[in-house]
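Undergrad: Just dropping this structure here.
The values are calculated or read from the model by the stated rules, or taken from the named source; none is laboratory data. Small disclaimer: the values here were computed from a predicted structure and weren't measured. Because the Cβ atoms are built from the backbone with ideal geometry, glycine has one as well, and the counts that use them run over all protein chains shown. SASA here: full protein model, heavy atoms, side chains in, ligands and nucleic acids out. Shrake-Rupley method; radii C 1.70, N 1.55, O 1.52, S 1.80 Å.
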Amino acid sequence: MLWLKNTKKGSYIVESVIVIPIFIMAVVMLMSIIPIIATCENVNYAVADETHLECIKTAFRKNPAALPAAVKHRIYKENQNLNTYQTSFYRYLYTAKGIDHLISLDFHVNFQEKNPLGLFSSVTYNGKITARAFSGHLQKEAPAEKKEFEEEKESHIVYIFPEWGKRYHNRSCTYVKSNCQMVYLSQDTKKKYTPCKLCEAKDALVGSPVFCFRASGEVYHLSGCRTIDKYYIEIEKRGSREERVYPLL
């Protein structure tokens with residue numbers, strides 16, 4: 001009986017040695033995830049709040065470049081651990097499913113989060129927000145159901161000339177290759193291109209729309225530069241239905 005009793009106590013000790021470290025690791029891991037969730041929620045709130053403000057401001061002025069720049073500035077200011085923030089896709093005052101004055105913004109963030117176990121040290125987070133700007137009038141059409149509005153459809157990127165063209169093009173089209181692309185000025189753009197001296201593009205702020213000849217150019221230009229004639233932008237074409245896209249400038 002003494003032999004059996006001692007064996008039972010020994011088994012408790014062995015189980016404790018195995019279980020307690022696993023429990024401690026699980027608690028530490030949970031504590032490591034909480035700051036990550038908090039950062040993602042803070043990014044979501046900043047994007048949603050700035051989009052809400054932009055929806056109100058459109059009643060008084062139209063400025064497509066304002067929202068991406070405001071979101072980027074606020075996110076970097078409020079999240080010191082952020083490595084990169086990018087606006088991966090942006091549409092301003094377009095119409096979809098009978099709803100006008102829509103604003104959509106897709107974003108991508110990467111940040112570091114230190115923790116004792118070395119897990120989740122690098123976090124990548126993608127998000128998307130769609131809102132309707134204040135237009136001053138009611139919708140005549142019946143509102144779309146939630147499942148219809150969020151329905152995923154096959155899509156691909158096409159290129160249009162918002163000020164000149166009436167057709168969309170593929171990336172390989174000669175019209176696209178020979179003209180300049182509108183991008184939002186970033187640190188990466190500054191590294192790849194130099195500012196145009198004719199239009200004093202060096203004074204452009206990060207987040208401002210600038211124009212680059214991707215195929216042959218080495219500088220970026222402002223919208224008023226005399227070297228800029230036609231420019232193209234990227235849009236998302238879903239299924240067989242082409243969404244209406246408003247000029248960005």
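Undergrad: Between residue 104 and residue 216, what FRET efficiency follows from the Cβ-Cβ distance if R0 is 30 Å, with the result rounded to 0.05? Present the calculation step by step, with values, prior to reporting the outcome.
TA: Values: r = 31 Å, r/R0 = 1.05.
With R0 = 30 Å, the Cβ-Cβ based efficiency is 0.45.
Undergrad: Using the Karplus curve 6.51 cos²θ - 1.76 cosθ + 1.60 with θ = phi - 60°, what ³J(HN,Hα) values do you get for each residue of the stretch 178-190, in whole Hz, with x for Gly and Pro?
TA: For the stretch 178-190, the Karplus curve yields 8, 10, 9, 9, 7, 10, 9, 4, 9, 5, 5, 5, 5 Hz.
Undergrad: For a quick check of your reading of the filter: which trypsin sites (Lys or Arg not before Pro) in the stretch 44-127 sit in a DSSP loop and have no more than 11 other Cβ atoms within 10 Å? Present the calculation step by step, with values, prior to reporting the outcome.
TA: Details: sites: 57, 61, 62, 72, 74, 77, 91, 97, 114; in loops: 61, 62, 97, 114.
Within the stretch 44-127, the qualifying trypsin sites (Lys or Arg not before Pro) (loop, at most 11 other Cβ atoms within 10 Å) are 61, 114.
Undergrad: For residue 197 and residue 56, calculate 0.36 nm times their separation in residues minus their Cα-Cα distance, and state this gained length in nm to one decimal. Provide the component values of the computation, followed by the final result.
TA: Working: separation 141, 0.36 × 141 = 50.76 nm, distance 3.63 nm.
My answer for the length gained is 47.1 nm.
Undergrad: Related question: Any idea how far apart residue 129 and residue 95 come out in nm if each label point goes 7 Å out from Cα toward Cβ?
TA: Modelled inter-label distance: 2.6 nm.
Undergrad: With respect to the cross-link table entries 62/97; 77/97; 97/191; 77/190; 128/197; 97/190, which display a Cα-Cα separation exceeding 29 Å? Don't skip to the end; give the middle numbers.
TA: Numbers: 62/97 22 Å; 77/97 36 Å; 97/191 40 Å; 77/190 21 Å; 128/197 36 Å; 97/190 38 Å.
Distance filter (> 29 Å) returns 77/97; 97/191; 128/197; 97/190.
Undergrad: Provide the solvent-accessible area of residue 203, counting protein heavy atoms only and rolling a 1.4 Å probe, rounded to the nearest 10 Å².
TA: 90
Undergrad: Quick check: net charge around residue 193, other residues with Cβ under 13 Å of its Cβ, Lys/Arg +1 and Asp/Glu -1? Intermediate results must be reported in sequence, preceding the final value.
TA: Details: positive: 190, 191, 192, 197, 202, 214; negative: 188, 218.
After counting each charged neighbour, the total is +4.
Undergrad: Taking amide hydrogens as modeled 1.01 Å from N in the peptide plane, which residues meet the under 5 Å criterion relative to residue 232, leaving out close sequence neighbours?
TA: Sorted by chain and number, the residues that satisfy this are 180, 181, 182.
Undergrad: I would also like to ask the following. Applying the Karplus parametrisation 6.51 cos²θ - 1.76 cosθ + 1.60 with θ = phi - 60° to the phi angles of the stretch 92-102, what ³J(HN,Hα) value in whole Hz is obtained for each residue in order, glycine and proline being reported as x?
TA: My calculation for the stretch 92-102 gives 10, 6, 10, 10, 8, 6, x, 10, 9, 6, 7 Hz in order.
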